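Only one structure is covered here, and it is reproduced in the block below.
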Amino acid sequence: MTRFKCLKAPTVCVFILLAAQTHAHHGWSWYSNEDFTLTAKVLEIDFGNPHDRMTVEADGQQWNLLLSPPSRTRRSGLSADMIQPGDTITAYGHRDRNLENYEMKTERLQVGDTLFNLYPRRD
């Protein structure tokens, strides 16, 4: 019986961690089905797991741009050293369904004359 109790706590912890990760990686359900385009100035770049991100400013409002997982971003040809704070970008994707949240899930990102297709199968 003691051995069972010793195994029970780690098993419960694993399930809690898996549930938390599943909730954090919510996919596309938080975002509108409507196409959304945002042209903005880059304030901050944060490339890394679980998703690359950028903070940008458009019309005096700061936005959180959720890009793709790092491996997908790199496959599109985009890397963090291609974007600098102060650059103007155009993001194409879907805005958060809650219009009080200034966030969008970005499918394509235009940097200068180059368009990076982060989610090519979502065209």
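Numbers below:
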{"read-out": "Test: residue in the range 24-34 that is surrounded by fewer than 10 Cβ atoms within 10 Å (Cβ to Cβ), under 29 Å from SER76 (Cα atoms), modelled with pLDDT under 50 and out of contact with any helix residue (DSSP H, G or I) (no Cβ under 9 Å at 6 or more places or on another chain)", "value": "yes"}
{"read-out": "Residues of the range 35-49 satisfying the condition of being more than 15 Å from the chain's Cα centre (by Cα) and either modelled with pLDDT under 80 or assigned to a loop (DSSP other than H, G, I, E, B) (or both)", "value": "ASP35"}
{"read-out": "Residues being among the acidic types (Asp, Glu) and either crowded, with 18+ Cβ neighbours inside 10 Å or part of a strand (DSSP E or B) (or both) - total across the range 102-123", "value": "2"}
{"read-out": "The lone exception for SER68 - which of (1) small (Gly, Ala, Ser); (2) within 17 Å of LEU109 (Cα to Cα); (3) modelled with pLDDT under 55 it fails", "value": "(3)"}
{"read-out": "Residues that are of a type in the set (D, E, K, R), surrounded by 15 or more Cβ atoms within 10 Å (Cβ to Cβ) and assigned to a helix (DSSP H, G or I), drawn from the range 50-74", "value": "ARG72"}
{"read-out": "Tally of residues being in contact with a Lys or Arg (Cβ under 9 Å, 6 or more places away or on another chain), of a type in the set (Gly, Ala, Ser) and surrounded by fewer than 17 Cβ atoms within 10 Å (Cβ to Cβ) across the range 76-101", "value": "1"}
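Here's the yes/no breakdown for (1) of a type in the set (Phe, Trp, Tyr); (2) closer than 18 Å to LEU118 by Cα; (3) touching a His at 6+ places or on another chain (Cβ under 8 Å); (4) in contact (Cβ under 8 Å) with a residue 24 or more places away in the chain:
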{"position": "LEU43", "(1), (2), (3), (4)": "no, no, no, yes"}
{"position": "PRO50", "(1), (2), (3), (4)": "no, yes, yes, yes"}
{"position": "GLN62", "(1), (2), (3), (4)": "no, no, no, yes"}
{"position": "LEU65", "(1), (2), (3), (4)": "no, yes, no, yes"}
{"position": "SER68", "(1), (2), (3), (4)": "no, yes, yes, yes"}
{"position": "THR73", "(1), (2), (3), (4)": "no, yes, no, yes"}
{"position": "MET82", "(1), (2), (3), (4)": "no, yes, no, yes"}
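The values are calculated or read from the model by the stated rules, or taken from the named source; none is laboratory data. As the structure is a computational prediction, the values presented were derived from the model and not from experiment. Cβ coordinates were reconstructed from backbone atoms using ideal geometry, including for glycine residues, and neighbour counts include every protein chain displayed.
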